[in-house]
1. From the list VAL105, VAL78, VAL101, which one is assigned to a helix (DSSP H, G or I), of a type in the set (A, V, I, L, M) and closer than 24 Å to LEU174 by Cβ?
2. Looking only at region 34-54, decide whether some residue is on the phi > 0 side of the Ramachandran plot and at pLDDT below 90.
3. Which is on the phi < 0 side of the Ramachandran plot, surrounded by 12 or more Cβ atoms within 10 Å (Cβ to Cβ) and touching a Phe, Trp or Tyr at 6+ places or on another chain (Cβ under 7 Å), of MET149, MET103, MET124?
4. Restricting to region 64-81, count the residues that are open to solvent by 70 Å² or more (accessible area, probe 1.4 Å) and hydrophobic (A, V, I, L, M, F, W, C).
5. Which residue, of ILE180, ILE135, is modelled with pLDDT of 85 or more, in a helix (DSSP H, G or I) and either open to solvent by less than 50 Å² (accessible area, probe 1.4 Å) or over 30 Å from PHE252 (Cβ atoms) (or both)?
6. Mind listing just one residue for me: the one in region 228-243 that is in a helix (DSSP H, G or I) and more than 25 Å from the chain's Cα centre (by Cα) and, of those, surrounded by the fewest Cβ atoms within 10 Å (Cβ to Cβ)?
7. If you scan region 184-208, which residues turn out to be assigned to a helix (DSSP H, G or I) and polar (S, T, N, Q)?
8. Just checking, which of LEU15, LEU57, LEU53 is without any contact (Cβ under 8 Å) to a residue 12 or more places away in the chain, in a helix (DSSP H, G or I) and surrounded by 12 or more Cβ atoms within 10 Å (Cβ to Cβ)?
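The values are calculated or read from the model by the stated rules, or taken from the named source; none is laboratory data. All figures in this text were calculated on a predicted structure; none of them were measured in a lab. FYI the Cβ positions are ideal-geometry reconstructions off the backbone, even for glycines, and counts take in every protein chain you see. Note: accessible area is taken over every heavy atom of the protein model, side chains too, but ligands, DNA and RNA are not part of it. Shrake-Rupley method; radii C 1.70, N 1.55, O 1.52, S 1.80 Å.
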Amino acid sequence: MRKVKNAAVYIVLILASLISVFPLYWMIAAATNNSTDILGGKLTIGANLASNLTNLLARQQIGRAFSNSMFYSVILSVLSLLICSIAGYAFEIYHDKAKDVLMSVLLLAMMVPFAATLIPLFKMFTGLHLQSTWIAYVLPTLSTPFLIMMFRQSARSFPTEIIEAARIDGLGELQIFFKIFMPTMKSTYAAAMTVTFMNAWNNYLWPKVIMMDDSSQTMPMLVANLSSGYSIDYGVLMLGVLICSLPTGILFLVLQKSFANGIVGAVKG
């Protein structure tokens, strides 16, 4: 009876895995077919990858869009991790009631939809003449309550005895943070890096509003351009989607173990 139950569980898991993987496979297969084959429901790998790539390069400046997205996402991720980790560390290590109130306010801010702040942000950045710059791309999401809370939860599991011993040895507060806390929380940084990079890479609404020059186009904007118009080449579109999905997919595969450990550590903290 137990073997039958285990077999049923494995069958359900296998079916769920296949259902989860199928959209990825279909995207890859569609990138190698033309529009006629895709609309006809063809699910096998085709022979149109080279022609789709040629058409994509002819229609869009994909190299510039890819490099823009990579630059903006890396800059945002590095700065966001640094700022949010310092904030989360400070909220927990230098804990008091006032910081609890401030943290509650930050968490409440998560409930405000970004669309509600879009117009004020646009007016502010255009008033400062920062449109179409990496600063305008980065600043609105540079510090997020979610990441601050995540690092704060992780800091709860950090032994205070180590901090006290480091202070006795003469280390300053920044030295303790950079030399002791950061190396200890590698898994948390990996999880935060994955979340931040994916959000930055896939961000569409704000860049579409504030990045007005064609030279500042990002990959999500490029994919949106491919899907507009009266006649859509679905092979080219799916190839663009595939290329756009590669960096986040590779990052998650590389950091998946650390990502899981970081999320679990933050929850336990």
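1. Just a single option satisfies the conditions, and that option is VAL78.
2. yes
3. Sole residue among the options that is on the phi < 0 side of the Ramachandran plot, surrounded by 12 or more Cβ atoms within 10 Å (Cβ to Cβ) and touching a Phe, Trp or Tyr at 6+ places or on another chain (Cβ under 7 Å): MET103.
4. 2
5. None of the other options fit; the residue is ILE180.
6. Looking at the filtered set, the residue picked out is TYR234.
7. Residues satisfying the conditions are THR184, SER187, THR188, THR194, THR196, ASN199, ASN202.
8. LEU57
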